[in-house]
Amino acid sequence: MLYQIYETQRSFMEPFSDLAQTAAKLFSNQSNPVAQTPMGHRVAAGYDLFHRLGKDYVKPEFGIRTVDVDGVDVAIHERVEIKKPFCELLRFKRFSDDTATLSKLKSQPPVLIVAPLSGHYATLLRDTVKTMLGDHKVYITDWKNARLVPLEDGEFHLDDYINYVQEFIRHLQATYGNCHVVSVCQPTVPVLAAVSLMASRGEKTPLTMTMMGGPIDARKSPTSVNNLATTKGFDWFENNVIYRVPGNFPGAGRRVYPGFLQHTGFVAMNPDRHATSHYDYFKDLIKGDDASVEAHRKFYDEYNAVLDMDADYYLETIKTVFQDFNLVYGTWQVKGIDGKVEWVRPQDIKTTALLTVEGELDDISGSGQTAAAHGLCSGVADKNSKHLEVPGAGHYGIFSGRRWRDIVYPQVRQFILDHAGTPFKAAAPKPAKPVAKKAVQPAVKTAIKTAVKSKTQRAKAKT
């Protein structure tokens, strides 16, 4: 019922938001005499702010058109590599007509970035992707909004998430021989589970795992996010935050954790900061500070765009990661696509190097939560393990912004390079099967006879 009330309120506000946008443009239009007055500036800024507070934020696009590779502009084409009911594997294909640059691009290592499925879209990692494109072949998991997935496409569980990750890893391995995996925040746990299962089966595992700001062991330095999960019982979450998608969406009837509830929780963590940010936006509009205005819009266009999560996946994540701590206690079992249930044993990982990254001021995944992966992956040699704590960085600072580009990424790049082995090239196509000898011989004999006969006839004609 709450979801339907929210949608009704949003639909009611939409025309007023559009009207406010029109009024803002009217009072800021230079051909309008009122726009030249201080009062006109304030009215326009007020309407603009009202529009942004009331508008519906849709999924942003990555919008990465080119990247710089050693001073050469390389074109980027975004395409869907694998399409699943709840996720698409995106590839950022790079193109260049510079021979030297093209040769370099082909030899660079492939990286699978596993984006969080925790309320925001994968575009939250736009800066992560764009930065890594200069030195890597980049793929990313683009999780779908559950309210857009029809009921006939089935349910989505935490086990399905893990199976998706394994399928994507195998795809890159089949294409390039092997790959590297980078997980940011929430996916650190299912990615570790996926690689653990592959190792336990004796499968080839990725060359490296880079885990950034994730709740591997949520018992350590618990944050407000962890405290909510431990102070509320499983039944509380099922009864208070799970709703069915209204009838005006393709996924009508699906049980989900709505994105608007997740967004409300994000804002509630720092309400004063957001209020101050919006007030500063209002003042910047009046002053005409276009750079600050655009920075605010870009941030909140991303921050306010949220998606619904399938209820089964969300509830199982709460219980497995934040309440029962199945990974760290060694009590986690996962069902594969064949229906077989297997134990998650990180200690079986031996040939994958491990890098963990934490932010000193991270208020979502506390200190030590990600570093706990090293204790679980006891089979990884010390020389292949590394931990990085970023001074002054919050949660978003370890994968986006100046600290990511200047401090974190150079070390991630070097870690991948140190464990890349031989240059990566696309797997050569399989040679065509030779035609059976018996099938060839009659055809060959016929051709020879025809050629000899024609030659004889031509000789007789000349004589």
* Asked: How do the helices (runs of 4 or more DSSP H) wholly within region 1-117 filter down when requiring 3 or more residues that are closer than 24 Å to P258 by Cβ: which remain?
  -> 2-28, 38-54
* Structure fact -> Residues of region 120-155 being within 9 Å of the chain's Cα centre (by Cα), over 14 Å from F399 (Cβ atoms) and among the hydrophobic types (A, V, I, L, M, F, W, C), in sequence order, are W143
* Structure fact -> Going through region 284-305 in order, the residues found to be without any contact (Cβ under 8 Å) to a residue 12 or more places away in the chain, over 25 Å from E61 (Cβ atoms) and part of a helix (DSSP H, G or I) are K287
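Quick check on region 288-318: of everything there that is of a type in the set (D, E, K, R) and surrounded by 15 or more Cβ atoms within 10 Å (Cβ to Cβ), which residue is farthest from the chain's Cα centre (by Cα)? Walk me through it before giving the result.
Just the residues of region 288-318 that are of a type in the set (D, E, K, R), to begin with: 289-290, 294, 297-298, 301-302, 308, 310, 312, 316.
Now drop any that are not surrounded by 15 or more Cβ atoms within 10 Å (Cβ to Cβ), which leaves 289, 301-302, 308, 310, 312, 316.
Details: D289: 32, D301: 17, E302: 14, D308: 15, D310: 17, D312: 20, E316: 20 Å.
Step by step, filter region 288-318, then rank; the result is D289.
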* Residues being exposed (fewer than 14 other Cβ atoms within 10 Å of the Cβ) and not in a loop (DSSP other than H, G, I, E, B): count how many of those fall in region 235-263. => 4
* To do: Would you confirm whether any residue within region 266-280 is outside the structural domain of G375 (by TED's automatic domain parsing), under 28 Å from the mean Cα position of the chain (by Cα), touching a residue at least 12 places away in the same chain (Cβ under 8 Å) and closer than 18 Å to H120 by Cα?
  => yes
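Residue-wise test of (1) farther than 30 Å from P410 by Cβ; (2) at pLDDT 95 or above.
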residue	(1), (2)
H274	yes, no
D290	yes, no
A311	yes, yes
L327	no, yes
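With the requirement that a residue be out of contact with any Lys or Arg (no Cβ under 8 Å at 6 or more places or on another chain) and farther than 24 Å from T317 by Cβ, what does region 178-188 give you?
Residues satisfying the conditions are C179, H180.
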* Structure fact -> Checked against (1) surrounded by fewer than 17 Cβ atoms within 10 Å (Cβ to Cβ); (2) in contact with a Pro (Cβ under 6 Å, 6 or more places away or on another chain), T8 satisfies every condition except (2)
* **Test result for V334, assigned to a strand (DSSP E or B) and buried (at least 21 other Cβ atoms within 10 Å of the Cβ)** => yes
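The values are calculated or read from the model by the stated rules, or taken from the named source; none is laboratory data. Just so you know, these numbers come straight off a predicted model, no measurement behind them. Reconstructed Cβ throughout: ideal geometry from the backbone, glycine too, with neighbour counts over all protein chains shown.
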